[in-house]
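Input: a single structure, listed below in structure tokens.
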Amino acid sequence: MIPLLEVHNCRQAYHKDSSADLVVLDNVELTLQEGEIVGLLGRSGSGKSTLLRIVAGLLQPTSGEVLWRGLPLHGPAAGVAMVFQSFALFPWLTVEENVELGLEALGIGRKERANRAEAAIDLIGLGGFESAYPKELSGGMRQRVGLARALVVQPELLLMDEPFSALDVLTAETLRTDLIDLWSERKLPIKSILMVTHNIEEAVLMCDRILVFSSNPGRVASEIRVNFPHPRDRHDPAFRQMVDDIYALMTRRTPTPLVAITSPAAAAGFATPLHPVNTNLLAGLLETIAAAPYVGKADLPALADDLQMELDELFPLGEVLHLLQFAVLEEGDIRLLEAGHAFVDADTDTRKHQFAAALRAHVPLIAAIRRTLDERWNHRAPALRFRDELEDHMSPDYADETLRAVISWGRYGELFSYDEESDQFSLEDIDAPT
Amino acid sequence: MAHSTLPTILGGKRLPNIWDVIALICVFGGLIALAHSARGTLVPLDALEATAINLDPWSLPDYALRTTLRMFAALAASLLFTFTYAPLAAKSRRAGLIMIPILDILQSVPILGFLTFTIAFFMSLFPGKVMGLELAAIFAIFTSQAWNMAFSFYQSLTTLPGDLEEACRCFRLTAWQRFWRLEVPFAMPGLVWNTMLSMSAGWFFVVASEAITLGDNNWKLPGIGSYVSTALDKRDVGAVAWAILTMLIVILAYDQLLFRPLVAWSAKFRFESTAGAVAGDPWMLRLIRRTHVLRVTGEAVGGVFNRLGGLRIRMPHWRYYRPAAPAKLGDAVFGALVTCGVGYALWAVVVYIAAELSWGDVAETVLLGFVTLLRVALLMVLSSLIWVPIGVWLGLRPAWARRVQPIAQFLAAFPANLLFPPFVIVIVAFHLNTDIFLTPLMVLGTQWYILFNVIAGAAAFPGDLQEAARNFRIGGLLWWRRVMLPGVLPYFITGAITASGGSWNAAIVAEVASWGDDKLAAHGLGSYIAQATDRGAFHQIVLGVVVMSLFVVLCNRFFWRPIYAYTSRRATLS
């Protein structure tokens, strides 16, 4: 039997004039059979949303093959509908008009449109809200409209892009169970679901198969089958074990890419994108791990649960601590190192010095900026030149993020000042190095 | 339900009420008036010259109607232009490269200076017919309305929310459906607001363009503008007063009957997912909703539009995938063509001017440009000094702001050139210095933009910041410098840009004035262009307009734009 969807050797890269292409997805294989829910799990920036958009026909892959029911895909296919993270409802259309939108595009008559929309609205639990405008609805109800709008065109494949991540915990849970119930009772017209998520528990709760993505470039790192019957119990030890295993898998250090280091900038460590995480959060996390009950070592799922943080929020923090060698990430755990303990014990001023020292030792970009400023007679340097160098190695968005991270950390560590108006680094208000 | 099977017209709630009768009378009255006015456009020019403008106040309603019809004819043309030009510029990258700068320049060009050329053009289209003059007048109004409407539409089209755009593609809406379901609704609030501003500008030009002088020829189209100019020629103070009163009524009517309801209605399309504070509906919108005939008509029109928008019409160039890399060869060819075109145009302008004029003339106009620039700058400073404190005072008192805001907007819409005669009478009577005392006329109509923008800014100033300022006992100059001025700065700049642009345009009619046989003129680029127009000196007009355009464009590029960018980065309260 022909699979519903096949993606072969898919590669997505953004062309850069100055240097090598920026690869977002590399060598991705995906096959979707009828009757399964498949989850794409990964950190932000791992290319999972890009893959979803390629499957949706919204984006053309740089190379590789996408087959829909055995035929090459050219643009959005009939039989594929999408649910958006931001709901993507038209604020000037009522619930009913929003739901009818896809039917209108299919050229279906008014009467049948109304009937089918009504049925979908009732199925998804929106009855009574037909004439409401989206802005009158809560987030959960809005996403129900998004679901009804996708289901009403009777797609064979339903695509969901982090459909519950904009909702609060309780609402998200209700919506997940409602959807899974409808799916298990075979009340949905769809044959398969492909969903993107960064929430590990959500993936284990809903999916039959999980593809775990690694970042930079996005690749399918591993594939996990979830064989628990629905409805699934979060507190089942086997369930918990699987969540733990996936955490371990995702924190495992990806081996340094074996690509030969060609440019001096890459050698200087300019090629690593940085996330601008808040220094207060870093300090808070170090203190939490140092204190009871963790006393220096914490299990990431437990820590995430305790701090009510999503994987996507916790991971970048852990990675920065790892980078600065305040802690190490290993097998789903985070463990404080000596520098981390020293930081927790220090007062505010000492902390700044320790942070500054760690930045200069382990973040080559920051070290380079400071060195440049020290060397210049006027102690000033345009940020543009560092941005340009970064953009040789990453997309402009990432370069921007990295620079923001560097600015915020450098300011906290009092290594340099930054003036937004002139886009310049300087040593103004910085005490001379002692 | 049993009731729903009855035809809607028989439903108990749909029985005609007294409002239906009134509405019907209005509709038929409007149709008859329209037919009457339209008949006048096909008569020969000689007939127009035979029927002089009548200064009897009772002929004013008829003149007002004709003037208003010209306005709406121009508005229809502007909408048509907006709905074709902007999508074209937004959808085609190459077209956008050239079309948007053109729009930007057209926005800053003094339109009144071009009147002469457009009249000649339209007269040649309909030789000997009033139609040519009518079209020229309508075109003048059109040029004062169309650019910012098209610009607003273009800006909306290029800032469509990404997720809605993806949803449209994902659900495979055709380009036509997408246009009516996503693009037009998204652009609606901005478009309605800009249409309102355009109409305000239009009143100014309709008054200026009805009485047309071209060399020795002098025509007066029946309308309020001609009425005023005739009254000026005949030194009839009473007639001027009547004209001002009529205009007040007309603008009040169009504001209340058309734009208040439109603005309130367009709030439905505002792109924000939270339910904001809902202001009360204007009375006209309530009337439409309560009057059954009007409502049913409105629903029927809406239904037709809805169906039309839902049609699966495909348009050419519909691509599912965005092109990965732009075609370089095509770009090169396109670039070369544009360069040739621009080069040729420049050459043509230079040759045309050089045929009659020397470098001395150029230097003279540039000098006069600086005189007018000095005027505009001084007036901006003066009106800011007056209106910013008043606007802040009003804006911080919501009860006052609510009452004054509509009045300020109304004053901005009032054609200031109607108010010139009283000034002129005083200047003539007391033999005042024209260089100084004609100057305030330039901001007569445009200063209100500063006022109502500052009121809006002060009203939007966050309460917690006010409380913090009070808590730290910040007062006096410090309060202005650190608290309030930065808070209203983005609003003030928006108002000042509109006001200064309008003042440049007004210079052409404000630097010259007449009262009977007394002709007043101030030194400046505006009077240079106006006097050249009177003499029918085309070469001078072209030179004057080119220099003035340059001044306006350079001011925008090197003064307003950097300031605006700075304030929106620094002083925007989020």
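From the cross-link list A:Lys48/A:Lys297; B:Lys129/B:Lys220; A:Lys135/B:Lys91, which pairs have alpha carbons spaced over 21 Å apart? Before the final figure, lay out each step's value.
Details: A:Lys48/A:Lys297 31 Å; B:Lys129/B:Lys220 13 Å; A:Lys135/B:Lys91 30 Å.
Violating the 21 Å limit, Cα to Cα: A:Lys48/A:Lys297; A:Lys135/B:Lys91.
Can you give the charge dipole size of the protein assembly as shown about its Cα centre, rounded to the nearest 20 debye, using +1 on the beta carbon of Lys and Arg and -1 on the beta carbon of Asp and Glu?
2580
Run the numbers for B:Tyr566 and B:Ala399: contour at 0.36 nm per residue of separation, minus the present Cα-Cα distance, in nm.
56.9 nm
If you take the C-alpha gyration tensor of the stretch B:145-274, multiply each eigenvalue by 5 and take the square root, what semi-axes do you get, largest first, in whole Å? Kindly include the intermediate steps, with their values, before the conclusion.
Details: eigenvalues 373, 59, 17 Å².
Those come to 43, 17, 9 Å.
Restricting to DSSP H runs of at least four residues, report the calculated mean residue ellipticity at 222 nm for chain A, -39500 (n - 2.57) per run over all residues, nearest 500 deg cm²/dmol.
-13000 deg cm²/dmol
Rounded to the nearest 0.05, what FRET efficiency is calculated for A:Arg225 and A:Asp178 with R0 set to 30 Å and r the Cβ-Cβ distance?
For A:Arg225 and A:Asp178, the calculated efficiency is 0.75.
If a paramagnetic tag sat 7 Å from the Cα of B:Phe72 along the Cα-Cβ line, which residues of the stretch B:238-260 would have the backbone N under 14 Å from that point?
B:250-251, B:253-259
Among the GluC sites (Glu not before Pro) in the stretch A:384-433, which ones are in a DSSP loop with at most 14 other Cβ atoms within 10 Å of the Cβ? Mind listing them? Please list the in-between numbers first.
On the way: sites: A:Glu389, A:Glu391, A:Glu401, A:Glu414, A:Glu420, A:Glu421, A:Glu428; in loops: A:Glu414, A:Glu420, A:Glu421, A:Glu428.
Qualifying residues, ordered by number: A:Glu420, A:Glu421, A:Glu428.
Counting Lys and Arg as +1 and Asp and Glu as -1, each charge on the Cβ, what is the dipole of the stretch B:356-574 about the Cα centre in debye, to the nearest 20? Please list the in-between numbers first.
Numbers: 14 positive and 10 negative charges, 258 e Å.
Charge dipole, the stretch B:356-574, about its Cα centre: 1240 debye, nearest 20.
Let me see the pair-distance distribution of the protein assembly as shown: every alpha carbon pair, 20 Å bin width, integer percents in order.
It works out to 10, 33, 35, 18, 3, 0, in whole percents.
Quantify how strongly other chains surround peptide B:160-167 by giving the mean number of their Cβ atoms within 10 Å of each of its Cβ atoms.
Mean partner-chain Cβ count within 10 Å for B:160-167: 6.
Dividing the alpha-carbon Rg of the stretch A:5-251 by 2.2 N^0.38 Å yields what?
1.03
Relative to 2.2 N^0.38 Å, what does the C-alpha radius of gyration of chain A come to as a ratio? Two decimals please.
Taking N as the residue count of chain A, the ratio is 1.10.
Enumerate the amide H contacts of B:Asn54 below 5 Å, restricted to partners 5 or more residues apart or on another chain; note that Pro and chain-start residues carry no placed amide H.
none
From Cα pairs below 8 angstrom and at least 6 apart in sequence, can you work out the relative contact order of chain A, rounded to a whole percent? The partial results should precede the final answer.
Details: 721 pairs, mean separation 65.3, N = 434.
Relative CO of chain A lands at 15 percent.
For the stretch A:151-259, take the convex hull of the Cα atoms, compute a quarter of its surface area, and give me that in nm², please.
If you wrap the Cα atoms of the stretch A:151-259 in a convex hull and average its projections, you get 8.2 nm².
In nm, to one decimal, how far is the A:Lys352 label point from the A:Asp374 one, both placed 7 Å along Cα→Cβ?
According to this spin-label approximation, the distance is 1.9 nm.
What residues have an amide H closer than 5 Å to that of B:Trp515, excluding those fewer than 5 places away on the same chain, when H is modeled at 1.01 Å from N in the peptide plane?
Sorted by chain and number, the residues that satisfy this are B:Leu520.
Picking from A:Ile108, A:Ile193, A:Ile369, which is most flexible by a Gaussian network model of chain A using Cα springs under 10 Å?
Comparing A:Ile108, A:Ile193, A:Ile369 in the GNM, the peak value goes to A:Ile108.
Between A:His8 and A:Asp400, with labels modelled 7 Å along Cα→Cβ, what's the label distance in nm to one decimal, could you check?
Roughly 3.8 nm, to one decimal.
Send over the per residue convex hull volume for the stretch A:1-104, Cα only, as a whole number of Å³. Please report the intermediate quantities before stating the final value.
Numbers: hull volume 15.9 nm³, N = 104.
In the stretch A:1-104, the Cα hull volume divided by residue count equals 153 Å³.
Contour minus end-to-end for B:Lys268 and B:Leu478, with contour as 0.36 nm per residue of separation and end-to-end as the Cα-Cα distance?
71.5 nm
Under the 0.36 nm per residue contour assumption, what length would be gained going from the current alpha-carbon distance of B:Asn471 and B:Ile386 to full extension? Don't jump to the answer; show the numbers that get you there.
Details: separation 85, 0.36 × 85 = 30.60 nm, distance 2.82 nm.
Roughly 27.8 nm would be gained on extension.
Given R₀ = 35 Å, FRET efficiency for A:Gln33-B:Lys328 by Cβ-Cβ distance, to 0.05?
Values: r = 43 Å, r/R0 = 1.24.
For R0 = 35 Å, the calculated efficiency reads 0.20.
Would you please calculate the Kirkwood hydrodynamic radius of the stretch A:352-434 over all C-alpha pairs and express it in Å, rounded to one decimal?
12.8
Determine ³J(HN,Hα), in whole Hz, for all residues of the stretch A:421-430 in sequence, where each value follows from phi through the Karplus function 6.51 cos²θ - 1.76 cosθ + 1.60 and θ = phi - 60°; x replaces Gly and Pro.
So the Karplus estimates, Gly and Pro as x, are 4, 9, 6, 10, 8, 7, 9, 4, 6, 9 Hz.
Grab the beta carbon distance between B:Ala95 and B:Tyr352, set R0 = 22 Å, and tell me the FRET efficiency rounded to 0.05.
Values: r = 28 Å, r/R0 = 1.25.
It comes to 0.20.
Of all the Cα-Cα pairs you can form in the stretch A:307-404, what percent are over 24 Å apart?
Working: 1789 of 4753 pairs.
The proportion of pairs with Cα distances above 24 Å equals 38 percent.
I'd like the Kirkwood hydrodynamic radius of the stretch B:393-517, using the inverse of the mean 1/r over distinct C-alpha pairs, in Å.
Result for the stretch B:393-517, one decimal place: 16.5 Å.
Using only Cα atoms, find the angle between the long axis of helix A:110-123 and the longest principal axis of chain A, and express it within 0 to 90 degrees, rounded to the nearest 10.
Once rounded, the angle reads 60 degrees.
Read the figures in this text as sums done on the coordinates, not as results from a lab. Quick caveat, the model's predicted, so the values are computed rather than measured. Every residue, glycine as well, gets a Cβ built from its backbone with ideal geometry; the counts of neighbours run over all protein chains shown.
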